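*Asks:* Starting off with a structure, shown below.
The values are calculated or read from the model by the stated rules, or taken from the named source; none is laboratory data. Keep in mind that this is a model prediction, so the values were computed, not measured. Cβ: placed from backbone, ideal geometry, glycine included. Neighbour counts: every protein chain shown.
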Amino acid sequence: MSEFKTDIKTYEFNHTMIRVKDPKASIEFYQDILGMNNWGTESDPEFGGYANGNSNPGRGFGHTAIIVDNIEEACKRFESFGDKVKWVKRLTDGSMKNIAFIADPDGYWVEILNKGLA
């Protein structure tokens, strides 16, 4: 029995925060492409002193993940945005055919998972 009056089974992931260089590009990516709401901005044109965790694995942030209702259709939709969506891993890449990764305008990876298989 724990000495603490808290139940870790009730803990849920709430949010993550990332820093961005170009708020307009990031807002378009997260709102228009991923269907999220974004809060806050960075207005310093020289901003860039952060580690996204992917250019130097083991340091900094890794990635976020979203669950979609139909991963094949979601990936087709992402493809339709052309150069606005940077692919890290398409569904057809590698041995794991049930996940995809795209990158936001600042290079943060976003894992795409199918609902029910996450």
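*Asks:* Regarding the stretch 36-53, can at least one residue be identified that is under 15 Å from the mean Cα position of the chain (by Cα) and at pLDDT 70 or above?
*Replies:* Looking through the stretch 36-53, at least one residue is under 15 Å from the mean Cα position of the chain (by Cα) and at pLDDT 70 or above.
*Asks:* Scan the stretch 1-21 residue by residue and report those that are under 21 Å from residue 66 (Cβ atoms) and modelled with pLDDT of 65 or more.
*Replies:* Initial filter on the stretch 1-21 (under 21 Å from residue 66 (Cβ atoms)): 11-20.
Scanning the stretch 1-21 gives 16, 17, 18, 19, 20.
*Asks:* So if I check each of 24, 89, which one is out of contact with any strand residue (DSSP E or B) (no Cβ under 9 Å at 6 or more places or on another chain) and at pLDDT 85 or above? Walk me through it before giving the result.
*Replies:* Working: 89 fails: out of contact with any strand residue (DSSP E or B) (no Cβ under 9 Å at 6 or more places or on another chain).
Exactly one residue qualifies, and that residue is 24.
*Asks:* Every residue in the stretch 96-110 that is charged (D, E, K, R) and under 20 Å from residue 28 (Cβ atoms), please.
*Replies:* Within the stretch 96-110, the subset charged (D, E, K, R) is 97, 104, 106.
Answer for the stretch 96-110, where residues must be charged (D, E, K, R) and under 20 Å from residue 28 (Cβ atoms): 104, 106.
*Asks:* Restricting to the stretch 62-118, name every residue that is assigned to a loop (DSSP other than H, G, I, E, B), under 16 Å from the mean Cα position of the chain (by Cα), farther than 18 Å from residue 35 by Cα and of a type in the set (D, E, K, R).
*Replies:* Selection gives 90 alone.
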